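Data block below; observations after.
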Amino acid sequence: MAKDFEAMEDSNRSANPNIHEVSDPARRTWVQGGLGALVGTVLAPWLGACATGPGRGPLLGFKGIATSTADAVMVPEGYVAEVLAPWGEAVGVAGAMPAWREDAGNTAAEQALQMGMHHDGIHFYALDGSGSRGLLAMNHEYVDDGLLHADGLKTWSAEKVRKAQAAHGVSVIEVELKQGRWQMVRPSRYARRFTAFTPFAVQGPAAGHALMKTAADPDGRTVLGTLNNCASGMTPWGTYLSGEENWAFYFDGGDAPDADQKRWGLRKSGFYRWGEHDERFDARRHPNEFHRFGWVVEIDPMDPSSTPIKRTALGRAAHEGAWVAVTKDGRAVVYSGEDARFEYIYKFVSRDRIAPGGAKANRELLDHGTLYVARFDADGSGRWLPLVHGQGPLTGANGFADQGEVLIKSRQASDRLGATKMDRPEWLAIDPERREIYCTLTNNSARGAKDMPGVDAANPRANNVMGQIIRWVEDGDFDGVSMRWNHLVLAGDPANARPQAQGNIKGDIFACPDGLMLDARGVLWIQTDAHSSQMNKGELERIGNNQMLACDRSNGEIRRFLTGPVNCEITGAAMAPDGCSMFINVQHPGESPSDRSDPADPNKYSRWPFGGRPRSATVVIRRRDGGPIGS
Ligand code: FEO
Ligand code: CA
Ligand code: CA
Ligand code: CA
């Protein structure tokens, strides 16, 4: 149940640069020359580094695999998948590398030095020109207290809350390809954990706002921790963006949450029971602490001494993640959606151009600009509606005293503007060449239900259990205020007679698209997060375990590339710069379909990856011949 809080909210291109390459920190100087100048710079390693070149064959050169219910990661013939970084491995801080304890006996202090639980968004930051040494920055979305503690929730203590907080957040680890195998480099000067108690600076229009001030932080400019970090984006200036997604469910609201708190889904008691031992998660006692989560956070993985930052100009939301496009004149456009039923898709357009000089030169880039929310109209056009204080209904009379309050209450502001209520926006992917933006809308079984919004053109199925992928092109540049949109695909089996589950997939079937990644060859990778609650038994059996598929957008074919172990989701995808190693995350293998895992029977559903306690883990995929992934 913890996963995404279902019950609660309820043309083949040979080689074009995408954000993964253009943001290779080893080549940060590109920005000065603009995108055109960049192309030549980044192509060289891509074309030359793999044992087998990309060739001129079809975009999808692998043999698709069958669905699976095996407790294993399955990949096509000629590929290998190896576990690289599971929950509980020491990240590699020098002199502080506590060993994993299979009995869940690691302390909170140890967990704060180990890989967190439930890996999600991930990116690769090259440390050398060959791309065989780099950093992986990744999110740890949430915890399963049944697996995290030896006796689960049987007893509850401040130490357990602290351990759960330590298992959240973000990890930065160093990895290296040696003799054909990726391994963690430990110790590493870059190794770092950000947890639910790491200090974050607050920047942008809501920094220092009255609604951000607490007893412990009267300035409203320093927040302890980041929470429920789901998807991630990589910026062209070399930093990592992480979305705080279902943060509202960590707070205790008591019996009488106010209208604004209710709009964010504050419940009587937090799902994770942190408020019982850490009073800042009791929203009755510290109502403003509730405003200090729901932001996109920015981290510089290359500078281990850097302070992470909450970027309030991007708006407060149940942020899945954040993805950056660049306008022709070099400004950043950050797209994000909030994964909750009937919530919104946003974009932020920076006022200033991206400066050469990496993270330090762009320390304030995401603090100044304009935030918009999307409206998808029935005729296939759309509008970006500005969330600017004083414009339209966003006035003091309507509860928005200033721009800070508009951003803290982005949802309420978007309600006022009449933005389109979407079917749970998850990941986005941006094609800088075609100028297309894709967004997974994972499902929304409440669409069309009694007293709920009905279908619309962008969200066309009532009781939508399968999800869809929407795409659009902005009119003009990425900062355009209007767009044209359509659907890439409606997920679900075309042969299914149930209208809410019948899709139009050409190729291998899947349900509930979530992770998305566009690689440098032009393959759109789709990852799934389908739960038993969404499908009937026959549909579940047909679709099997969660998976990863590749889409050739030239002909719409979708082909299954990977299937995961039992009750996991597949999420997060990053390529090494040469395109010959792919890093993905297997999240919550063995998760109980009902609630938390039973600590007395941790292996009820899965023994992945090592035959014992189920552990979320980063998996690296290579071709046996060393060639480009997917070709
Ligand atoms: Fe954390 Fe929306 O997936
Ligand atoms: Ca998840
Ligand atoms: Ca997700
Ligand atoms: Ca999901």
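The values are calculated or read from the model by the stated rules, or taken from the named source; none is laboratory data. Please read these numbers as outputs of a predicted model, since none were measured by experiment. Glycine gets a Cβ as well: all are built from the backbone with ideal geometry, and neighbour counts include every protein chain shown. These accessible areas exclude ligands, DNA and RNA; they are computed on the full protein's heavy atoms, side chains included. Shrake-Rupley method; radii C 1.70, N 1.55, O 1.52, S 1.80 Å.
Condition first: farther than 20 Å from ARG613 by Cβ and within 16 Å of ligand 3 (Cβ to nearest atom). Now tell me which residues in segment 120-137 satisfy that.
GLY121, ILE122, HIS123
Which residues, counting only those in segment 588-612, are surrounded by fewer than 24 Cβ atoms within 10 Å (Cβ to Cβ) and either among the charged types (D, E, K, R) or touching a His at 6+ places or on another chain (Cβ under 8 Å) (or both)?
PRO593, ASP595, ARG596, ASP598, PRO599, ASP601, LYS604, ARG607
What number of residues in segment 478-491 are part of a loop (DSSP other than H, G, I, E, B) and β-branched (Val, Ile, Thr)?
1
Please enumerate the residues belonging to segment 217-244 that are acidic (Asp, Glu) and surrounded by fewer than 24 Cβ atoms within 10 Å (Cβ to Cβ).
So in segment 217-244, the residues acidic (Asp, Glu) come out as 217, 219, 244.
Matches in segment 217-244: ASP217, ASP219.
With the condition kept exactly as written, say whether any residue in segment 492-512 is part of a strand (DSSP E or B) and within 16 Å of ligand 3 (Cβ to nearest atom).
There is no residue in segment 492-512 that is part of a strand (DSSP E or B) and within 16 Å of ligand 3 (Cβ to nearest atom).
Give segment 251-263 a look and list any residue that's modelled with pLDDT of 95 or more and assigned to a loop (DSSP other than H, G, I, E, B), or say none.
Just the residues of segment 251-263 that are modelled with pLDDT of 95 or more, to begin with: 251-255, 258-263.
PHE251, GLY253, GLY254, ASP255, ASP258, listed by residue number.
Going by what's in this entry, would ALA201 be described as within 16 Å of ligand 2 (Cβ to nearest atom) and part of a strand (DSSP E or B)? Let's see the steps before the verdict.
Values: within 16 Å of ligand 2 (Cβ to nearest atom): no; part of a strand (DSSP E or B): yes.
So ALA201 fails the test.
Any chance you could count how many residues in segment 153-197 are open to solvent by less than 50 Å² (accessible area, probe 1.4 Å), closer than 30 Å to TRP274 by Cβ and out of contact with any Asp or Glu (no Cβ under 6 Å at 6 or more places or on another chain)?
Qualifying residue count for the region: 22.
Identify all residues within segment 121-152 that are within 21 Å of SER592 (Cβ to Cβ), in contact with an Asp or Glu (Cβ under 7 Å, 6 or more places away or on another chain) and of a type in the set (D, E, K, R); write none if there are none.
Result: GLU141, ASP144.
What number of residues within segment 129-152 satisfy the criterion of being open to solvent by 10 Å² or more (accessible area, probe 1.4 Å) and within 16 Å of ligand 4 (Cβ to nearest atom)?
Going through segment 129-152 one residue at a time, the tally reaches 0.
Give the residues of segment 537-574 that are away from ligand 1 (no atom under 16 Å from the Cβ), part of a strand (DSSP E or B) and touching a helix residue (DSSP H, G or I) at 6+ places or on another chain (Cβ under 9 Å), sorted by residue number.
Across segment 537-574, the qualifying residue is only ALA574.
Taking PHE478 as meeting all but one of (1) closer than 25 Å to PRO236 by Cβ; (2) among the aromatic types (Phe, Trp, Tyr); (3) touching a helix residue (DSSP H, G or I) at 6+ places or on another chain (Cβ under 7 Å), write down the number of the exception.
It is condition (3) that PHE478 fails.
How about segment 467-516: which of its residues are aliphatic (A, V, I, L, M) and within 16 Å of ligand 1 (Cβ to nearest atom)?
ILE469, ILE470, ALA491, ALA511, LEU516, listed by residue number.
Residues are listed down the side, and each one gets a yes or a no for (1) surrounded by fewer than 24 Cβ atoms within 10 Å (Cβ to Cβ); (2) not basic (Lys, Arg):
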position: ALA317; (1), (2): no, yes
position: LYS328; (1), (2): yes, no
position: SER336; (1), (2): no, yes
position: PHE342; (1), (2): yes, yes
position: VAL349; (1), (2): yes, yes
position: ALA359; (1), (2): yes, yes
position: ARG363; (1), (2): yes, no
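Of the residues that sit in segment 416-443 and are among the hydrophobic types (A, V, I, L, M, F, W, C), away from ligand 1 (no atom under 16 Å from the Cβ) and under 14 Å from GLU343 (Cβ atoms), which one is surrounded by the fewest Cβ atoms within 10 Å (Cβ to Cβ)? Write out each step before concluding.
The initial filter retains those residues of segment 416-443 that are among the hydrophobic types (A, V, I, L, M, F, W, C), namely 417, 419, 422, 427-430, 437, 439, 441.
Imposing the further condition that a residue be away from ligand 1 (no atom under 16 Å from the Cβ) reduces the set to 417, 419, 430, 437.
If we keep only those that are under 14 Å from GLU343 (Cβ atoms) as well, we get 417, 419.
On the way: LEU417: 18, ALA419: 24.
This residue is LEU417.
When you go through (1) open to solvent by less than 10 Å² (accessible area, probe 1.4 Å); (2) within 27 Å of HIS123 (Cα to Cα) one by one for THR370, which number turns out not to apply?
(1) is the only condition that THR370 fails.
Got a number for residues in segment 101-128 being within 16 Å of ligand 2 (Cβ to nearest atom) and surrounded by fewer than 19 Cβ atoms within 10 Å (Cβ to Cβ)?
0
Would you mind stating whether GLY169 is touching a Lys or Arg at 6+ places or on another chain (Cβ under 8 Å) and more than 20 Å from PRO614 (Cα to Cα)? Can you show your working first?
Details: touching a Lys or Arg at 6+ places or on another chain (Cβ under 8 Å): yes; more than 20 Å from PRO614 (Cα to Cα): no.
Taking the combined requirement at face value, the residue does not satisfy it.
Suppose we filter ALA446, ALA458, ALA520 for residues that are away from ligand 2 (no atom under 16 Å from the Cβ), surrounded by fewer than 23 Cβ atoms within 10 Å (Cβ to Cβ) and at pLDDT 95 or above; which single one remains?
The conditions single out ALA446.
Hey, could you check segment 513-536 for residues that are more than 16 Å from ligand 3 (Cβ to nearest atom) and outside any strand (DSSP E or B) and say which is farthest from ALA231 (Cα to Cα)?
ASN536
Please determine whether any residue of segment 552-559 is of a type in the set (S, T, N, Q) and in contact with a Phe, Trp or Tyr (Cβ under 6 Å, 6 or more places away or on another chain).
no
Going through segment 330-382 one residue at a time, which ones are more than 27 Å from PRO304 (Cα to Cα) and hydrophobic (A, V, I, L, M, F, W, C)?
Scanning segment 330-382 gives ALA340, PHE342, ILE345, PHE348, VAL349, LEU371, VAL373, ALA374, PHE376, ALA378.
With ALA164, ALA191 as the choices, which residue is under 25 Å from the mean Cα position of the chain (by Cα), closer than 21 Å to ASP601 by Cα and of a type in the set (Gly, Ala, Ser)? Don't jump to the end; show me each part of the working.
Numbers: ALA191 fails: closer than 21 Å to ASP601 by Cα.
None of the other options fit; the residue is ALA164.
Please return the ranges of strands (runs of 3 or more DSSP E) entirely within segment 387-477 where 3 or more residues are more than 25 Å from GLY204 (Cα to Cα) and in contact with a His (Cβ under 9 Å, 6 or more places away or on another chain). Break it down stepwise before answering.
Working: elements: 425-431, 436-441, 468-474.
In segment 387-477, 468-474 are the strands (runs of 3 or more DSSP E) which contain 3 or more residues that are more than 25 Å from GLY204 (Cα to Cα) and in contact with a His (Cβ under 9 Å, 6 or more places away or on another chain).
Going by the conditions given, is THR563 more than 16 Å from ligand 2 (Cβ to nearest atom) and β-branched (Val, Ile, Thr)?
Against the criterion (more than 16 Å from ligand 2 (Cβ to nearest atom) and β-branched (Val, Ile, Thr)), THR563 qualifies.
Got at least one residue in segment 493-510 being in contact with a Gly (Cβ under 6 Å, 6 or more places away or on another chain), surrounded by 23 or more Cβ atoms within 10 Å (Cβ to Cβ) and modelled with pLDDT of 95 or more?
Within segment 493-510, not a single residue is in contact with a Gly (Cβ under 6 Å, 6 or more places away or on another chain), surrounded by 23 or more Cβ atoms within 10 Å (Cβ to Cβ) and modelled with pLDDT of 95 or more.
Please tell me if ALA99 is aliphatic (A, V, I, L, M) and either within 22 Å of PRO301 (Cβ to Cβ) or at pLDDT below 95 (or both). Step through it out loud before you land on a result.
Working: aliphatic (A, V, I, L, M): yes; either within 22 Å of PRO301 (Cβ to Cβ) or at pLDDT below 95 (or both): no.
For ALA99, the condition - aliphatic (A, V, I, L, M) and either within 22 Å of PRO301 (Cβ to Cβ) or at pLDDT below 95 (or both) - is not met.
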